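The structure is given below, and queries will be raised subsequently.
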Amino acid sequence: MFSYRFSSVSKGFWAKFLLPLGLFFPAPALGLCPANLSTAIEPIITAADYTQGRWGIVIQTLKQPNSPQAPVTLYQRDGDKYFLVASNVKLFTTAAALQQFGPQYRIQTQVFGIGQGANWDWIRLVGNGDPTLTTGELQKIAQGLWQQGIRKIDTLEITSLPFPDPPLNPTWALEDTSAGYIAPITRLALNRNALPLVVTPQQLGAPLRLAWESPALGQGWTISNQTRTVAATAPESLETNVVQGAQTIQVIGQLRVGSEPETLDIPLLDPYPTILSQWRAALAEVGIQVQQLQFQHSPNRPMGQPLFSLASPPLPDILNQTNQTSDNFYAETLKQLIGAVQPGQMGRILGAWGISSQSYELVDGSGLSRQNWVTPQALVELLQAQRLSPNWLTFQNSLPQAGVNGTLRRRFLNTPAQGKVWAKTGTLRGVSALSGYAEPANFAPVVFSIVINQGQQDGAALRPGIDRIVLELMNLQTCP
């Protein structure tokens, strides 16, 4: 039996609380000489709200291609010290994936079989690490097989070779995933290896309505509904306790009356029976009969002849999802794909960019683990290297843009940073981080990494200090 507690709600749920932070503190004084940047930052990081915190900051001018001028460090504080950086780890993962595979890369999900005409001995679906595969794609594959004249399959198989690392990282602290998503990372994954549970408010005081998005897949699960519908001014929260072996879910929390439904993604520790079931259902829908089902980690017979191949969206689309929405499932899949090239491949890529292995300790690809340790200097070196890459624009565009999209869409609204900052957010309890690029109106582009670690405080409560520093950067100007 496996029991754990986590909270998982739709991005729309958290968007309700991502207020335009620029409205909550005054804009810094206009016109800031680089020599005075330290004077502007020090009062922010020494404020009473952060007396128990530890700041790591590196701010540099951005290296330009074909320029002999080295980057200038404008400010640094403990830039060479280790910090928890939460989802800033995704910067390493996505940059390395882009370097390893290139922007044209697509992940193929393949179908092989032995047979001929209408009747086939067996047909095998083979996963190669596409995190985007959904039931809709299975239906496309089924239609493709029907169009080839296939009507009956004796044995339907799925094959998912093991990734180098375990499907569930042993260092993940599940209580730290309150705003995230966790599921086994497998080469063949469907619908993110989760079952969506839709939660809908009812009349005031009544329990929330809980319904599986796909009722057939929810069969066999027992749901304990400990929720209620609350007044429009009350706080909202949702969390679940899942006992996978017993297929039991306890849903606890409340949503406001009249608010939109939310979706809880219930992770499947063993996703393969569900994948087989949906694969068979997709074939049945187009009129292909299946006699028996089989799952294999490794095929025990020849692959057979290729019948169909379905490509994932191009890698830039996957990177956008990973960085802009801080998608843990996508990030962990990318990390596994890099590791599958050869052991230690991530370290080789980072080393080629001049990033010392002594400046980071990465145990996952998403930043979910509290055993990832990274220096702000390493993050800035990574970001500097991307500016010199032929894939620079692809990488930059994958990052949230202040006041425009992703996890920054509601930050820096109506400030000089809106539309002029591209950066990756990072949040865990006691951790807040922001690393990326800024384009001040009257100064050269800068690259920065700003991290604070402060005990068990809510990470979101630490953001205003980071945002104040970024706004100071936007007022940099060239001075004599």
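Restricting region 343-356 to residues that are surrounded by 13 or more Cβ atoms within 10 Å (Cβ to Cβ) and either among the small types (Gly, Ala, Ser) or in contact with a Pro (Cβ under 9 Å, 6 or more places away or on another chain) (or both), which is nearest to Lys90 (Cα to Cα)?
By that ranking, first place goes to Gly347.
Cβ contacts < 8 Å: first residue touching a residue at least 12 places away in the same chain (Cβ under 8 Å) and within 15 Å of Ile466 (Cα to Cα), restricted to region 388-412; second residue among the hydroxyl-bearing types (Ser, Thr, Tyr) and outside any loop (DSSP other than H, G, I, E, B), any location; separation 6+ or different chain. Result?
Hits for this filter: Thr407/Thr425; Leu408/Thr425.
Can you confirm whether Glu175 is modelled with pLDDT under 90 and either touching a Pro at 6+ places or on another chain (Cβ under 8 Å) or part of a strand (DSSP E or B) (or both)? Before the answer, list the steps.
On the way: modelled with pLDDT under 90: yes; either touching a Pro at 6+ places or on another chain (Cβ under 8 Å) or part of a strand (DSSP E or B) (or both): no.
Spelling it out, it is not the case that Glu175 is modelled with pLDDT under 90 and either touching a Pro at 6+ places or on another chain (Cβ under 8 Å) or part of a strand (DSSP E or B) (or both).
I would also like to ask the following. State the number of residues belonging to region 42-53 that are of a type in the set (Gly, Ala, Ser), surrounded by fewer than 17 Cβ atoms within 10 Å (Cβ to Cβ) and touching a residue at least 60 places away in the same chain (Cβ under 8 Å).
Number of matching residues: 1.
Tell me, which residue of region 54-83 that is hydroxyl-bearing (Ser, Thr, Tyr) and without any contact (Cβ under 8 Å) to a residue 24 or more places away in the chain is nearest to Gly430 (Cα to Cα)?
Thr73
Also: Out of region 269-300, which residues are within 23 Å of Ile223 (Cβ to Cβ) and in contact with a Pro (Cβ under 7 Å, 6 or more places away or on another chain)?
Matches in region 269-300: Leu269, Pro271.
Here is a follow-up. Out of the residues in region 101-150 meeting the condition of being in contact with a strand residue (DSSP E or B) (Cβ under 7 Å, 6 or more places away or on another chain), in contact (Cβ under 8 Å) with a residue 40 or more places away in the chain and farther than 26 Å from Leu337 by Cα, tell me which one is surrounded by the fewest Cβ atoms within 10 Å (Cβ to Cβ).
Gln148
Next question. Determine whether Ile150 is among the β-branched types (Val, Ile, Thr) and part of a strand (DSSP E or B).
In short, no.
Looking at (1) surrounded by 14 or more Cβ atoms within 10 Å (Cβ to Cβ); (2) over 28 Å from Ile158 (Cα atoms), which is the only condition Thr233 fails?
All conditions pass for Thr233, except number (1).
If you take the residues in region 457-475 that are small (Gly, Ala, Ser) and surrounded by 21 or more Cβ atoms within 10 Å (Cβ to Cβ), which one is nearest to Ala417 (Cα to Cα)?
Of everything passing the filter in region 457-475, Gly465 is nearest to Ala417 (Cα to Cα).
Moving on to the next point. Which numbered condition in (1) under 17 Å from Val286 (Cα atoms); (2) at pLDDT 95 or above is the only one that Thr135 fails?
(2)
Among the residues of region 272-293, what is the count of those that are in contact (Cβ under 8 Å) with a residue 40 or more places away in the chain, touching a strand residue (DSSP E or B) at 6+ places or on another chain (Cβ under 8 Å) and either part of a strand (DSSP E or B) or not polar (S, T, N, Q) (or both)?
12
Considering each of Ser369, Ser432 in turn, give the residue that is touching a Lys or Arg at 6+ places or on another chain (Cβ under 7 Å), over 12 Å from Phe92 (Cβ atoms) and surrounded by 17 or more Cβ atoms within 10 Å (Cβ to Cβ).
Ser432
Is there any pair with a first residue in region 442-456 that is acidic (Asp, Glu) and a second that is modelled with pLDDT of 95 or more and in a strand (DSSP E or B) whose Cβ atoms are under 8 Å apart and which are 6 or more apart or on different chains, and what are they?
Sorted first by the residue in region 442-456, then by its partner, the list stays empty.
Here's something else I'd like to know. Scan (1) over 29 Å from Asn169 (Cβ atoms); (2) in the same structural domain as Trp146 (by TED's automatic domain parsing); (3) polar (S, T, N, Q) for the single condition Gln203 breaks and write down its number.
(2)
For region 224-241, state whether one or more residues are in the same structural domain as Gln203 (by TED's automatic domain parsing), at pLDDT 95 or above and of a type in the set (D, E, K, R).
Yes, the conditions are met somewhere in region 224-241.
Please list, ordered by first then second residue, the pairs with beta carbon atoms under 7 Å, 6 or more apart or interchain, first in region 190-212 and surrounded by 14 or more Cβ atoms within 10 Å (Cβ to Cβ), second of a type in the set (Phe, Trp, Tyr).
That search, which allows pairs on different chains as well, returns Arg192/Phe329; Leu195/Trp212; Leu197/Trp212.
When you check Ala234 against the structure, is it under 16 Å from Leu217 (Cα atoms) and among the hydrophobic types (A, V, I, L, M, F, W, C), yes or no?
Taking the combined requirement at face value, the residue does not satisfy it.
Based on what the data block shows, is Ile249 outside any strand (DSSP E or B), surrounded by 17 or more Cβ atoms within 10 Å (Cβ to Cβ), on the phi < 0 side of the Ramachandran plot and β-branched (Val, Ile, Thr)?
On the way: outside any strand (DSSP E or B): no; surrounded by 17 or more Cβ atoms within 10 Å (Cβ to Cβ): yes; on the phi < 0 side of the Ramachandran plot: yes; β-branched (Val, Ile, Thr): yes.
In short, no.
The values are calculated or read from the model by the stated rules, or taken from the named source; none is laboratory data. This one's a predicted model, so the numbers in the text were calculated from it and none came from an experiment. A quick note on method: Cβ atoms are made from the backbone with ideal geometry, for glycine too, and the neighbour counts reach across all protein chains shown.
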